[in-house]
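Quick notes on the structure that follows.
The values are calculated or read from the model by the stated rules, or taken from the named source; none is laboratory data. Since the model is a prediction, treat every value here as computed from it, not as a measurement. For neighbour counting, all protein chains shown are included, and Cβ atoms are generated from backbone atoms with ideal geometry for every residue, glycine included.
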Amino acid sequence: MERILLTGFEPFHNSILNPSQEIIRRISHHSLVAKEVLPVTFNEASLKLISLIAQHKPTVVIALGQAEGRKEITPERIAINLDDARIPDNAGKSPKERAIVAGGPDAYFTTLPIKNLVEELNENGIPASISLSAGTFVCNHIFYAMQHHCAGMEIKSGFIHLPLMNEQVSEFPGLPTMQIEEMIRGIELVLDLTS
């Protein structure tokens with residue numbers, strides 16, 4: 001049986017909620033060896049994630065994050081070696097045009113079976129699609145750092161972006177949302193398929 005480390009993020013940029021944090025709080029699954037909420041800070045988030053991998057020795061690592069404007073659960077295909085923040089992180093830092101790993105590869109692909117995950121989510125009535133950009137904020141930062149750390153190891157790893165949840169509609173008027181219960185059901189299915 002696979003041992004899965006699942007992470008989410010705290011709220012950021014004056015928000016009070018983050019669907020990935022809510023999933024970490026509520027989800028329960030037999031394959032989870034650990035579930036943790038990461039800070040929305042560039043260096044601290046990746047250092048904490050790598051420390052969790054060393055501590056729990058998972059065979060699968062799945063990181064979750066919020067992507068306002070998306071209407072589906074979107075597994076990310078590729079992480080790029082670039083920090084380029086349009087807003088400050090929760091420590092007030094806004095790196096621009098900076099490599100995540102100096103001299104590292106330009107990009108890493110996920111090692112999760114994302115095409116299969118999306119097909120299964122859609123077949124179970126949960127809107128999902130593959131994304132080709134995790135952005136250049138902290139989500140992409142930990143995705144790249146995780147893939148770099150896990151390269152050559154027997155660990156499947158990747159990042160999944162989530163829509164806003166319904167409770168955030170007043171904060172993000174006009175943007176699509178999804179019920180948190182549906183997102184939890186979707187991530188439980190992802191855990192079933194990777195465990």
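Here is a yes/no grid of residues against (1) farther than 24 Å from L32 by Cβ; (2) touching a Pro at 6+ places or on another chain (Cβ under 9 Å); (3) not in a helix (DSSP H, G or I):
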site	(1), (2), (3)
I100	yes, no, yes
L117	no, yes, no
E120	no, no, no
F143	no, no, no
F159	no, yes, yes
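Taken together, S195, S133, S157 contain a single residue that is on the phi < 0 side of the Ramachandran plot, among the polar types (S, T, N, Q) and buried (at least 17 other Cβ atoms within 10 Å of the Cβ), which is S157. Counting only residues that are within 14 Å of the chain's Cα centre (by Cα) and surrounded by fewer than 22 Cβ atoms within 10 Å (Cβ to Cβ), segment 28-40 holds 4 of them. Test of understanding: among A91, A134, A99, A128, which residue is at pLDDT 95 or above and farther than 23 Å from I50 by Cβ? Going through A91, A134, A99, A128 in turn, the sole match is A128.
Residue under question is S51, and the condition is that it be within 22 Å of E181 (Cα to Cα), without any contact (Cβ under 8 Å) to a residue 24 or more places away in the chain and out of contact with any strand residue (DSSP E or B) (no Cβ under 6 Å at 6 or more places or on another chain); does it hold? No, not satisfied. For L6, are the conditions met, namely being in contact (Cβ under 8 Å) with a residue 40 or more places away in the chain, over 18 Å from G135 (Cβ atoms) and not in a loop (DSSP other than H, G, I, E, B)? Spelling it out, L6 is indeed in contact (Cβ under 8 Å) with a residue 40 or more places away in the chain, over 18 Å from G135 (Cβ atoms) and not in a loop (DSSP other than H, G, I, E, B).
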